[in-house]
1. Could you order peptides 251-258, 154-161, 105-112 by the average number of other Cβ atoms within 10 Å of their residues, highest first?
2. Could you work out the mean projected area of the convex hull around the alpha carbons of the stretch 99-138, in square nanometres to one decimal?
3. Hey, rough spin-label estimate for residue 91 and residue 104, points 7 angstrom out along Cα→Cβ, what's it come to in nanometres?
4. Mind giving me the FRET efficiency for residue 149 and residue 189? R0 is 35 Å, r the Cβ-Cβ distance, nearest 0.05 is fine.
5. When all C-alpha to C-alpha distances in the chain are sorted into bins of 10 Å, what percent of pairs does each bin hold, rounded to whole numbers?
6. Neighbour counts of other C-beta atoms within 10 Å: give me 75, 276 arranged from fewest to most.
7. Take every Cα pair under 8 Å in the chain that's 6+ residues apart, average their separations, divide by the length, and report that relative contact order as a whole percent.
8. For the stretch 16-127, how big is the tail of P(r) above 16 Å, as a whole percent of Cα pairs?
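What follows is calculated from the coordinates using simple rules that are stated; it is not laboratory data. These numbers come from a predicted model, not from an experiment. Please note: Cβ atoms are built from the backbone with ideal geometry, for glycine as well, and neighbour counts cover all protein chains shown.
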Ligand code: CP
Ligand code: NVA
């Protein structure tokens, strides 16, 4: 059987997503008890960008499964610069059992997956952040006790986090409203695919340029930074373009009374969200951060230990 990768939420069926979420919940209940799922196995973290959550959650998660991680930052492996992505993938496959990649170009993760003999997991690219989306829906499910008839409102940039969240919501039948300034909407191809998933699962994807419209009646208000890693030279323009998209006390009044606030982190207080919201009683941002580890353990078991995928 051909090895499986997790490059995008698009790679998985609804049933597979549910299987991973179920396993993550079970692992979470075991409170970090160590297992030997990954005994003697090594995972390489090939990161071209900085990371707190992704790096630490994979390192600790793999350790709890009896495995080992090697962090390979931009000074170690400079994808496509020091050597080709193809040579990196083929070389690392001779040492490692899995590669987690954090890249700028999404194509680099696709190429790693294509040329590596071992599973490749996308730990964030400019287009997608699938591990984050898994942690997000697990956090929503834990908070509300179910995923039925919920509305998630993503307010900000139609970026990597937005894309993965939109796809996972669409696959699982969670309504999603996305409010962006004009010109910052989600990628057209990702949106087209997500609309097809939404049609199948029976939920709605709504795009708007009005944060208030998006927030109205929402169970979840979701924020991410306005300037993603790699876009730093656009910071000043983005501060201007996104100034009406801040999630603050006024805006969240339009959501349901029992709404939750979510953010993938890192956050910029005073920009995309005010401190009273992110540090307030509706915020579940650190549950999301914790759940990164539980879902990633489940993803590792799914890709590396499940006989149907290996
Ligand atoms: N949310 C997330 O991926 O955080 P890091 O960039 O710190 O890994
Ligand atoms: N959109 C952000 C997410 C960081 C976890 C970025 O790509 O920088």
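1. Packing order, densest peptide first, comes out as 154-161, 105-112, 251-258.
2. So the mean shadow area of the Cα hull is 2.7 nm².
3. Reported label-point gap for residue 91 and residue 104 is 2.0 nm.
4. 0.80
5. Bin by bin from 0 Å, the calculated values are 6, 29, 35, 23, 7, 0.
6. Final ranking by Cβ density, sparse to dense: 75, 276.
7. 20
8. That tail contains 61 percent of the Cα-Cα pairs.
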